[in-house]
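Structure record follows, encoded as structure tokens.
Taken together, the values in this text are just the output of simple stated rules run on the coordinates, not laboratory data. Worth saying up front: this structure is predicted, and the values here are computed from it rather than measured. Cβ coordinates were reconstructed from backbone atoms using ideal geometry, including for glycine residues, and neighbour counts include every protein chain displayed.
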């Protein structure tokens, strides 16, 4: 016990109850632990990407001079690129570049693109809101849709309806995203003319890409929910106890099974957020949108170290935050986890 | 490996495209009414390019991104369609006898859209800004060449003095990339020029909105009054605005053009080219872009390729008719090292032939024996070659596969590989390749020099001579000699004259083209009353 050391105040008799200062300390210890963990994750992600990028052939200076469409083979060999390499810092040793990058990170300076000289923070500021809008909206829509699909696949009395509803998510998940995107464009934009086929200049341009991603998210969620709901429905409390007490099938599902079935859903939810931030590139290319995914792919292709590393840092932060939220979600869903957490803390303190 | 998803995508697209084709064919049969003969004022031209770097003309040198920028900046001279030069910002110019001194007299009364006056100092500042940034503007600086100094004897006169002759300089200054920007823009750093509305020119349009990677918007400048002399419209442009979009996917862009959501399009997949060529709503230009013809540039340091007989056998071993059968209907056989649309082109079709039997005979005579794996070898070297190119060449891969199988019958292995720009350039600089893709687009003799200098003293002497020869006819006959040498020595293995031109709806009227096949935007109008 490391509680109060002041002697003037008599200690309360109910010592097992944790005093306020201990709670604060516990919470701050947990938060500090989380922050150290987060910093380590970001540092590791940064370092790993930094050294991986050096394995790629060529460098950013070679990428920015263009291709043979405009410069011939002989002319490219004649170019003196070392001045440019000096200027953007690519002629420094690997370690100097590495430590400069880390130092910049501590100052909050992500540097500027090696390809077009623009500040990485500017590039991120252009791309991030677009991706966040796309990912956020589709995520918000996909959760209720996923639950709805899952309930449809489990609740109805007709086996036919249930089987069909259970088939839809699996079918959708197995289609390639770019294909669905192109299909949506041909159908809703080019043939029917309801929505623009691409860009991010208008709100209506969000409809199609959000729809593709929201349906995909919903299908993934539904797949997980369906299987766990089926398991729950087979347990004694749902198949015997609840009906015996007169609860309808839907009531049992809604009030009893869903909470238990939501655990695997939360895990998939966390993964989905990650997928959406890093993996929107296909959708961004198909729908001609600026965004994080496209910026990442273009930058990796151009060996644009600073931009890729800036993106890695931002994405690592998002992953850490999302993981934290998922953990909190677990303990909200399951009181046992909360209890266990507090007892372990008491034991360790 | 990387190519497979794309292949699958293309196949799927082909299916989808044909489906939509049927739909659109049903919807809009015979809508091509008798359109207006006289230009119609107003409207918005929607143009699509695969990508844009920015709105900085000097940072954009590929055909697609340059098309709309032609409206933003004017050039000292206008390179007319036949290759001749016409007055524009310069009313007259003189070139000395060995092309080391160019003197331009500027037009009076030209202003930039920010109100600054276009005078000798502004022109000098515009060029100096590019030279100061060195390799950041690598391509345009290589076009400018070995410049000694720019002087301005008076406000209307600019003089360029060179350390070494550069007879290609007049063509260079006619390009959009070397269009004149305002002193306000010249004062900016490279990165500042890449964003926002920082590019200010004297063109018929001004930059009014910049959407980064997704494109930008140009708006008509009402007080524009210095169109090139050959333009039909000498006043302000007909169009109100030009919206520039970037659609990474060519097939989606083609569908947008069919649906009427676009007016003008650059970059088309082979299937869409064939389809557009037969369309009565859409026109696709069938002239190849001026430059060098498409094919393989040989690395003569590679064992086997150092032997002219082997190179000749490889050229003979390509059956171009079979390749063209696989390519789109509008691609044509090459007849020179230049494309047929290059002003310096001379027909040399007799130097390009196919004969698999003779090719095999040549290789037999040279001692290349077919080994156990079907590939010819001699002294431990195998006739196995890797062709490298960038992403923009991927759509040619089905045609390359035709050559691959033709060469296989000959006992020669061809591997081909699409690389990122960084890797492609690295391997070209270090000489780590056997064959690379020739695709320079420039309506000038220099399209050859930039790929083939340093291979052959005789050829280098010709290139030097061309650079010191300012006369058009003189350059043309020297260019024909250079092309002949390249073909007979087989430094280049010709494949076809590549057509990657503009496609547009028939309501889009493009009366005037530059030698570079870029339309003059002040003349463009839309027949959509």
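Quick look at the numbers
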item: For segment A:148-224 and segment B:67-118, distance of Cα centres in Å; result: 55 Å
item: Sequence of B:273, B:408 once ranked by neighbouring C-beta atoms within 10 Å, starting from the fewest; result: B:408, B:273
item: The protein assembly as shown, Rg to Rh (Cα coordinates; Rh as Kirkwood inverse mean 1/r); result: 1.04
item: Taking A:31, A:307, A:224 and counting other C-beta atoms within 10 Å, the order from fewest to most; result: A:31, A:224, A:307
item: Separation of the residue B:197 and residue A:41 label points, Cα + 7 Å toward Cβ, nm; result: 4.3 nm
item: Helix-only [θ]222 nm of the protein assembly as shown, DSSP H runs n ≥ 4, -39500 (n - 2.57) each, per residue, nearest 500; result: -14500 deg cm²/dmol
item: Helix B:250-259 axis, angle to chain B major axis (alpha carbon atoms, nearest 10°); result: 50 degrees
item: Projected label distance in nm at residue B:432 and residue B:309, using a 7 Å step from Cα toward the beta-carbon; result: 3.3 nm
item: Contour excess over end-to-end distance, with Cα ends at residue B:187 and residue B:322 and 0.36 nm allotted per residue; result: 43.2 nm
item: Residue-averaged beta-carbon neighbours from other chains (10 angstrom radius) around A:300-313; result: 1
item: Using a Förster distance of 56 Å, the FRET efficiency for residue A:91-residue A:158 (Cβ separation, nearest 0.05); result: 0.20
item: Peptide-level mean, for A:194-203, of C-beta atoms on other protein chains within 10 Å; result: 4
item: Of all DSSP beta bridges in the protein assembly as shown, antiparallel share, percent nearest 5; result: 75 percent
item: Efficiency of FRET from Cβ geometry, residue A:237 and residue A:183, R₀ 35 Å, rounded to 0.05; result: 0.20
item: Fully extended contour minus Cα-Cα distance, from residue A:173 to residue A:78, at 0.36 nm per residue; result: 29.1 nm
item: Nearest 10 degrees, 0 to 90: helix B:421-430 Cα axis against chain B principal axis; result: 60 degrees
item: Antiparallel content of DSSP bridges confined to chain B, in %, to 5; result: 75 percent
item: Distance between segment B:423-481 and segment B:318-335 - C-alpha centres, whole angstrom; result: 24 Å
item: FRET efficiency for residue A:297 and residue A:245, using Cβ-Cβ distance with R0 set to 60 Å, rounded to 0.05; result: 0.60
item: Simple label model, 7 Å out from Cα along Cβ direction - residue A:143 to residue A:55, nm; result: 3.8 nm
item: Neighbour-count ranking [beta-carbon atoms within 10 angstrom, fewest first] of A:82, B:444, B:213; result: A:82, B:213, B:444
item: Largest to smallest principal axis extent of the C-alpha atoms in segment A:104-239, angstrom; result: 63, 46, 22
item: Chain B pair-distance distribution - Cα-Cα, 20 Å bins, rounded %; result: 21, 53, 24, 2
item: Shielding by partners - mean other protein chain Cβ count within 10 Å, residues of A:176-184; result: 3
